[in-house]
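Colleague: Structure provided below as structure tokens; questions to follow.
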Amino acid sequence: MMNLTRPSHSILLILFFMLAINSTSALTKYNVLNFGAKPNGKTDSTKAFLMAWKAACASADSTIIYVPKGRYLLGSMAFQGGCKSPQIIFRIDGTLVAPQDYRVLGKSTDWLSFEGVNGVSILGGALDAKGPSLWACKASHSNCPSGATTLSFTNSKNIRIRSLLSLNSQMFHIVINGCENVNVQGVRIIAAGNSPNTDGIHVQLSKNVNIIKCSIKTGDDCISIGPGTKNLWIEQITCGPGHGISIGSLAKDLKEEGVQNVTVRNTIFLGTQNGLRIKSWARPSTGFVQGVRFMDSLMRNVQNPIVIDQNYCPHNLNCPNQVSGIKIKDILYEGIRGTSSTEVAIKFDCSPKNPCTGIRLQNVNLSYLNKPAQSSCSNVRGKALNLVRPESCI
């Protein structure tokens with residue numbers, strides 16, 4: 001019998017962050033205005049924000065960096081760890097805005113990056129990355145920079161992101177890379193449905209991550225899960241437009257860490273390209289995906305509600321045309337219901353060298369144009385339990 005309750009690490013993480021919220025009155029406060037920040041959206045406040053961080057980081061007390069109402073023009077910033085302060089909270093009541101010229105941020109990897117920090121929280125506020133001008137450049141096939149991730153945490157612990165709005169990121173909105181004990185809650189992400197590579201939240205090489213009660217509208221994966229992700233809990237997510245919730249793409253490298261113990265539950269997909277997807281390139285890899293639970297998802301006009309694609313190759317350009325080495329096993333789809341916008345609502349296209357095993361469908365009910373949909377299976381082993389529509393091909 002599988003355990004469908006939230007794991008203990010998630011409960012402890014949430015309790016930790018609740019205690020942190022209730023203790024903000026005892027924090028030493030640093031107002032960015034006192035360091036020279038201007039809330040007019042025109043004066044560069046980058047230096048002021050970095051000075052506020054330096055002061056908070058050097059304090060032996062728990063600290064809060066306060067950003068009052070207004071618009072703050074900011075360039076690329078890296079907030080480095082090694083702080084004396086055991087807890088630093090960014091309390092944002094205003095909007096942080098990127099430079100109007102996309103080239104200023106576009107040449108950077110990240111807009112706002114936190115590296116090697118511990119006990120950092122971002123509460124409230126909005127991040128406006130001014131992405132549409134770069135998207136237009138890319139659409140015109142001009143010589144454009146790659147673009148910057150809006151907010152990234154790398155090699156960090158005990159991170160909290162709450163009630164934040166990320167608007168029009170140049171590339172990914174939020175990246176969690178090499179982190180431990182992360183809680184993302186009540187976040188809103190907005191970008192155009194045709195905006196390129198604007199993944200909502202990307203997690204990789206991280207463990208004990210919770211993503212809860214978020215609304216994501218973007219041009220790529222609402223949530224993407226990369227190699228080395230362990231103990232990830234995703235719950236109460238509304239996704240669309242976008243490319244769904246995806247594990248992968250995997251098999252980018254020969255030696256690649258696996259993805260394990262992932263739960264995705266109580267999700268809604270609205271007009272997305274995919275719903276629940278696992279994708280890997282068709283090339284050798286040591287990677288794997290195991291122990292994944294997809295539960296209680298509502299699909300509304302979704303192109304591919306349930307899909308495993310081990311021949312992933314977007315736009316059919318430079319496809320490796322090999323066999324995927326990713327081993328996929330122990331995957332549950334339970335309580336998945338709604339409508340597909342294509343006839344094939346369930347597609348398992350697995351590796352002939354490493355067939356998908358332990359795939360379970362339980363209480364699945366997907367239709368196409370008010371009529372039965374279809375399933376498609378290649379190299380997959382598993383079973384169907386209770387009602388499964390379309391009829392299982394496993």
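Colleague: Considering only segment 274-305, state which residues are basic (K, R) and in a loop (DSSP other than H, G, I, E, B).
Modeller: R283
Colleague: Please find, among I328, I336, I308, the residue that is in contact with an Asp or Glu (Cβ under 7 Å, 6 or more places away or on another chain) and either not assigned by the TED database to the domain that holds V380 or not in a loop (DSSP other than H, G, I, E, B) (or both). Show your work before the answer.
Modeller: Working: I328 fails: in contact with an Asp or Glu (Cβ under 7 Å, 6 or more places away or on another chain); I336 fails: in contact with an Asp or Glu (Cβ under 7 Å, 6 or more places away or on another chain).
Answer to the check: I308.
Colleague: Would you please name the residue that is most open to solvent (accessible area, probe 1.4 Å), looking only at residues in segment 63-84 that are touching a residue at least 40 places away in the same chain (Cβ under 8 Å) and outside any strand (DSSP E or B)?
Modeller: Looking at the filtered set, the residue picked out is S76.
Colleague: Note down all Cβ pairs under 6 Å where the first residue falls in segment 126-151 and is within 11 Å of R103 (Cα to Cα), the second is surrounded by 14 or more Cβ atoms within 10 Å (Cβ to Cβ) and of a type in the set (D, E), and they're at least six residues apart or on different chains.
Modeller: From residues that are within 11 Å of R103 (Cα to Cα), the pairs are A148/D110.
Colleague: Please work out which one of (1) touching a Lys or Arg at 6+ places or on another chain (Cβ under 8 Å); (2) more than 14 Å from K252 (Cα to Cα); (3) buried (at least 19 other Cβ atoms within 10 Å of the Cβ) is the condition G287 fails and give its number.
Modeller: (2)
Colleague: Within segment 354-368, does at least one residue satisfy the condition of being open to solvent by 60 Å² or more (accessible area, probe 1.4 Å), at pLDDT below 95 and not charged (D, E, K, R)?
Modeller: Start the filter on segment 354-368 by keeping residues that are open to solvent by 60 Å² or more (accessible area, probe 1.4 Å), which leaves 363, 365.
Next, only the ones that are at pLDDT below 95 stay: none.
No, there is no match, as no residue in segment 354-368 is open to solvent by 60 Å² or more (accessible area, probe 1.4 Å), at pLDDT below 95 and not charged (D, E, K, R).
Colleague: Could you list, in sequence order, the residues of segment 252-273 that are of a type in the set (S, T, N, Q) and in a strand (DSSP E or B)?
Modeller: Within segment 252-273, Q260, N261, T263, N266, T267 meet the criteria.
Colleague: Further question: Among the residues of segment 344-389, which ones are on the phi < 0 side of the Ramachandran plot, more than 29 Å from the chain's Cα centre (by Cα) and in a loop (DSSP other than H, G, I, E, B)?
Modeller: Selection gives P352, K353, A373.
Colleague: Considering each residue of segment 170-193, count those that are over 23 Å from K138 (Cβ atoms) and not basic (K, R), and give that number.
Modeller: The number of residues fulfilling the criteria is 12.
One line per residue, one yes/no per condition, for (1) crowded, with 19+ Cβ neighbours inside 10 Å; (2) over 24 Å from the mean Cα position of the chain (by Cα):
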position	(1), (2)
I88	yes, no
V97	yes, no
G106	yes, no
G116	no, no
I122	yes, no
C137	no, yes
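Colleague: Are there any pairs with C-beta distances below 7 angstrom linking a residue in segment 291-305 that is in contact (Cβ under 8 Å) with a residue 24 or more places away in the chain to a residue that is among the aliphatic types (A, V, I, L, M) and open to solvent by 10 Å² or more (accessible area, probe 1.4 Å), with the two at least 6 apart or on different chains, and if so which?
Modeller: Here the result reads L298/I268; R300/L270, each pair linking segment 291-305 to a residue that is among the aliphatic types (A, V, I, L, M) and open to solvent by 10 Å² or more (accessible area, probe 1.4 Å).
The values are calculated or read from the model by the stated rules, or taken from the named source; none is laboratory data. Quick caveat, the model's predicted, so the values are computed rather than measured. As a convention, Cβ positions derive from the backbone with ideal geometry for all residues, glycine included, and neighbour counts pool all protein chains shown. Protein only, heavy atoms only, side chains kept; ligands, DNA and RNA dropped before computing areas. Shrake-Rupley method; radii C 1.70, N 1.55, O 1.52, S 1.80 Å.
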